[in-house]
Amino acid sequence: MTCPVCKSARFGRYYTGITSWEYPGRFNFVCCRHCGLILQHPRVPQDRVGQYYNPQSYWGEVHDAWQEYAPLYRAIFKSRSSAGSILDVGSGLGLFLSEFKKRGWQTLGTEISPDMVRHARRTYGLKILQGDLLKLRLTGQFDVICLNNVLEHLYYPRQTLVKIHSLLRPGGMLVIVVPNIDSLGHAVFRRRWYHLQPGRHVYHFSPATITQLLESTGFHVAPMDHSYWRHNYYSWFCNFRYNYSLRFTVNRGTPVAHSSPGVKIGKVIVPILAGLGAMLGQITRHGEVITIYCHR
Ligand SMILES: [Zn+2]
């Protein structure tokens, strides 16, 4: 095994015996001794990884595209005076791309899940290719390419970025949103951090390791953004929820009666603590996720 960031073959133990609140099993993470990249090792064979994708987590009830993606829309629309072309890698339900289609952009998505591809085509009339970007035959050059909460799932991040580089027109923009292992939430919750998500999240990047990976694949990286409030707040909320709520600590995922005192207190306190954590993370530039805008 070699590190996809620095190509070193020297790894040390990082976390052993990590458990998931959704799935049985124990997972290990290692750390590259040279660049500090954190990765799951061993990882689930790629043909069996589907079992770790609970459809409920990915078919959330989000209908308002601006509420969900406002920071990305603002940055992308500000960067261009006219409609362009966009490729969304891991386009999911298609909500993100739907706003570009409305504005007359040329849109294309790629998505592994056939169910989601069907949904995006049917609901928004989007053009989506089903499959892994690395295996798909794509031509043309795009003005913008997005990897929104996707890079941490990929088994071959370097090869994927090399392919994306070739699909981006010179001067085009790559937008990445990815969990930040160097976040305040991870410093507090460590092996119980929400974003570890063993089974699904195979790589954990920090601002340093993601910069090194992007620069070594030919991208120019602009200063990172730590202020994606929606993700920061949700991550802190889940940090508390999965670590302290009776539902996940005592009842193994089965709901607890809404009238119980623990639930009532939690409903008041958790949103306050989650808001504080998210705010502190943003101020200190240790956000739960980082948003990276880079150019070819
Ligand atoms: Zn490395």
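The values are calculated or read from the model by the stated rules, or taken from the named source; none is laboratory data. Everything numeric here is computed off the predicted structure, so don't read it as measured data. Cβ: placed from backbone, ideal geometry, glycine included. Neighbour counts: every protein chain shown.
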Criterion violated by E68 - all others in (1) modelled with pLDDT under 95; (2) within 16 Å of the ligand (Cβ to nearest atom); (3) in contact with a Leu (Cβ under 8 Å, 6 or more places away or on another chain) satisfied: (2)
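In this structure, is V117 β-branched (V, I, T), buried (at least 21 other Cβ atoms within 10 Å of the Cβ) and farther than 26 Å from L39 by Cβ? Steps first, answer last, please.
Working: β-branched (V, I, T): yes; buried (at least 21 other Cβ atoms within 10 Å of the Cβ): yes; farther than 26 Å from L39 by Cβ: yes.
It is true that V117 is β-branched (V, I, T), buried (at least 21 other Cβ atoms within 10 Å of the Cβ) and farther than 26 Å from L39 by Cβ.
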If you go through segment 181-208 one residue at a time, how many are within 16 Å of the chain's Cα centre (by Cα), within 16 Å of the ligand (Cβ to nearest atom) and over 17 Å from R43 (Cβ atoms)? 3
Run down L87, L93, L129 and say which single residue is assigned to a strand (DSSP E or B) and touching a residue at least 24 places away in the same chain (Cβ under 8 Å). L87
Within segment 30-45, residues assigned to a loop (DSSP other than H, G, I, E, B) and either within 15 Å of the ligand (Cβ to nearest atom) or touching a Leu at 6+ places or on another chain (Cβ under 7 Å) (or both) come out as R33, H34, C35, G36, L37, H41
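Please work out if L72 is surrounded by 12 or more Cβ atoms within 10 Å (Cβ to Cβ), outside the structural domain of L167 (by TED's automatic domain parsing), within 18 Å of the chain's Cα centre (by Cα) and in contact (Cβ under 8 Å) with a residue 24 or more places away in the chain.
no
Of all residues in segment 64-94, which are among the hydrophobic types (A, V, I, L, M, F, W, C) and under 20 Å from N232 (Cα atoms)?
Of all residues in segment 64-94, those among the hydrophobic types (A, V, I, L, M, F, W, C) come to 65-66, 70, 72, 75-77, 83, 86-87, 89, 93.
Within segment 64-94, A65, W66, A70, L72, A75 qualify.
Out of curiosity, is V221 within 16 Å of the chain's Cα centre (by Cα) and either among the acidic types (D, E) or crowded, with 18+ Cβ neighbours inside 10 Å (or both)?
Criteria not met by V221.
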Looking at P170, is it more than 16 Å from the ligand (Cβ to nearest atom), more than 25 Å from F29 (Cα to Cα) and part of a strand (DSSP E or B)? yes
For segment 96-126, give me each residue that is over 26 Å from P170 (Cα atoms), in contact (Cβ under 8 Å) with a residue 24 or more places away in the chain and not in a helix (DSSP H, G or I). S113, G125
Quick one: in segment 133-158, of everything that is assigned to a loop (DSSP other than H, G, I, E, B) and among the hydrophobic types (A, V, I, L, M, F, W, C), which residue is nearest to E111 (Cα to Cα)? L133
Could you please find all residues in segment 1-22 being more than 16 Å from the ligand (Cβ to nearest atom) and surrounded by fewer than 16 Cβ atoms within 10 Å (Cβ to Cβ)? T16, G17, T19
Could you check V162 against (1) under 21 Å from G109 (Cβ atoms); (2) surrounded by fewer than 20 Cβ atoms within 10 Å (Cβ to Cβ); (3) touching a residue at least 60 places away in the same chain (Cβ under 8 Å) and say which number it fails? (3)
